[in-house]
1. Please work out which residue is farthest from ARG66 (Cα to Cα), limiting yourself to the stretch 263-297 and to residues that are without any contact (Cβ under 8 Å) to a residue 12 or more places away in the chain and either loosely packed, with under 13 Cβ neighbours inside 10 Å or among the small types (Gly, Ala, Ser) (or both).
2. Which of the residues that make up the stretch 270-279 are touching an Asp or Glu at 6+ places or on another chain (Cβ under 7 Å) and basic (Lys, Arg)?
3. Just a yes or no: is a residue in the stretch 156-168 part of a strand (DSSP E or B) and more than 13 Å from the chain's Cα centre (by Cα)?
4. Return the residues of the stretch 19-45 that are acidic (Asp, Glu) and out of contact with any helix residue (DSSP H, G or I) (no Cβ under 8 Å at 6 or more places or on another chain); say none if nothing qualifies.
5. Just to be sure before I move on: is ALA116 small (Gly, Ala, Ser) and over 21 Å from ALA103 (Cβ atoms) in the structure I sent?
6. Cβ-Cβ distance below 9 Å, separation of 6 or more or different chains: which pairs start in the stretch 298-322 with a residue that is within 20 Å of TRP75 (Cβ to Cβ) and end on one that is loosely packed, with under 13 Cβ neighbours inside 10 Å and of a type in the set (Ser, Thr, Tyr)?
7. Report every pair of residues separated by at least 6 positions or lying on different chains whose Cβ atoms are under 6 Å apart, first residue within the stretch 83-107 and in contact (Cβ under 8 Å) with a residue 60 or more places away in the chain, second in a helix (DSSP H, G or I) and aliphatic (A, V, I, L, M).
8. Select from the stretch 40-64 the residues that are of a type in the set (Gly, Ala, Ser), closer than 25 Å to LYS322 by Cα and assigned to a helix (DSSP H, G or I) and list them in ascending order.
Amino acid sequence: MGLLGRIFGGKDADHAPQDPRVPQTVARVLEMHARLRLAPRCEARLADALAPALAHISALVAGVPRAHEATTAAWSGDPYMRAYFAAADDIGQVLARSRTLRAFFDENAGADTAFAVMGMAMNERRTLGVAQVGEQTRSDVRQTTLGFSDHHIRLCGADEDELREEVTRRMIDQLAIEGLAKVAADTSMREDLEHDRALLATRLRLLERQGAGLRGMVGAEDEAADPGEMARVRAEVEENEQRLKDLGPRSEVLSRQLDTLCETFANAPTLLQVSTEKRRLDRMNVVVEHGVGDEAGSQVLEFRLARVPGNPPQQRALALLKIARADVPRAVNPLDNAERLL
């Protein structure tokens with residue numbers, strides 16, 4: 001049983017001990033915003049919010065199928081690899097392009113294999129194809145072809161359990177980034193309001209001074225301040241003060257920021273999702289439906305699609321790969337090709 005299996009072994013949740021990764025995860029989050037340690041009960045509050053988020057993420061990661069062998073030899077026998085790559089030679093091209101993969105092998109000289117996460121765009125293309133309709137073979141039958149593009153490998157590990165744990169940590173980091181973005185917006189709002197308050201106060205003093213002293217009585221240049229303008233500025237000052245009060249005193253800022261971060265972790269099931277898409281594909285990656293496609297040689301495949309938060313959010317297909325060092329082609333240097341052409 002792997003690490004995730006040992007952690008989520010099906011025991012009664014009410015009596016289950018705390019996930020041993022929670023304290024480490026709390027420390028990891030606090031490294032991003034160390035001042036939060038000054039908030040009351042900081043670590044306990046974070047632990048309470050992180051435990052269910054960590055359980056949700058771990059379940060998502062555990063649901064991703066085992067790694068596929070990323071070799072040209074495996075391509076013909078693995079329907080998933082045939083779906084991910086249009087041709088066997090495409091596998092080597094994707095591996096050669098990955099700087100992360102090359103860096104992993106450079107930094108781990110004794111490693112013969114690596115496990116990696118591959119992200120892709122999943123595309124469904126509707127075309128006209130050949131199909132048997134009754135006793136006739138027609139070439140104008142609508143069909144759907146499934147394909148994948150924009151392959152990227154940006155995360156590697158020495159073994160599959162280690163890789164899954166790193167994926168879990170990256171997803172926690174993503175939630176922390178989302179929460180800290182909200183914290184930054186709140187901090188920016190306070191700074192803007194305090195800046196506006198200073199400008200309004202200065203403007204009000206200038207307006208009041210225009211009607212004060214000898215200059216207000218006999219000055220030839222400036223007229224007395226408009227009472228309506230002064231009233232409007234005073235109203236703006238009062239509104240500004242109220243908005244600052246709504247944000248709370250500075251002594252409560254860190255506690256409010258911690259609450260914002262905890263609320264983001266509590267929202268993990270909405271922010272982080274991995275869905276499953278099922279398709280019956282034949283060997284040509286044609287979706288078998290309504291009599292279209294080679295049903296005899298088809299299989300039902302399940303693809304994992306991850307929702308990536310952001311503006312705008314993205315949806316990417318993901319798969320785990322097992323890659324042998326010997327199967328990673330040497331990166332092509334464009335200068336080498338240029339020299340051969342000279």
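1. HIS290
2. Within the stretch 270-279, LYS278 is the sole residue that qualifies.
3. yes
4. GLU31
5. No, not satisfied.
6. Listed pairs, sorted by first residue: GLU302/THR276; PHE303/THR276; ARG304/SER275; ARG304/THR276.
7. PHE85/ILE91
8. SER58, ALA59, ALA62
The values are calculated or read from the model by the stated rules, or taken from the named source; none is laboratory data. Source: prediction; values computed, not measured. Here Cβ is always computed from backbone atoms with ideal geometry, including for glycine, and neighbour counts include all displayed protein chains.
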